[in-house]
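In what follows, a single structure is set out as structure tokens and then discussed.
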Amino acid sequence: MNDVPPYRSLWRHLKTGHIYRVKCIAMIEATMTPAVVYCREDHDTGFWVRPVAEFMDGRFERVATTDAA
């Protein structure tokens, strides 16, 4: 799996402007497609799941952080 977002990295959804944190990389069982599990940082809306290819297709941009996590 090349070009997967790093665990705990922050991403901004370009359409909404919301910030999301990557929780883990999972597999969609029906297709065995790698997927990103992520959640919104500022509001508890549960977890979201999106195929890695879709997550990395330009809908999100990585947010630079200064922490060492």
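Residues of the range 31-69 that are of a type in the set (A, V, I, L, M) and open to solvent by 40 Å² or more (accessible area, probe 1.4 Å): 32, 49, 53, 56, 64, 68, 69. Out of the range 31-64, which residues are more than 15 Å from residue 8 (Cα to Cα), in a strand (DSSP E or B) and not β-branched (Val, Ile, Thr)? Result: 34, 50, 51. Looking across the range 31-61, the residues that are under 14 Å from residue 16 (Cα atoms), among the charged types (D, E, K, R) and modelled with pLDDT of 95 or more come down to 40, 59, 61. Taken together, the residues in the range 2-30 that are open to solvent by 90 Å² or more (accessible area, probe 1.4 Å), part of a loop (DSSP other than H, G, I, E, B) and on the phi < 0 side of the Ramachandran plot amount to 6.
The values are calculated or read from the model by the stated rules, or taken from the named source; none is laboratory data. Note that the coordinates shown come from a computational prediction; the quantities given were computed from them, not determined experimentally. Please note that ligands, DNA and RNA were not included when accessible areas were found on the heavy atoms of the full protein model with its side chains. Shrake-Rupley method; radii C 1.70, N 1.55, O 1.52, S 1.80 Å.
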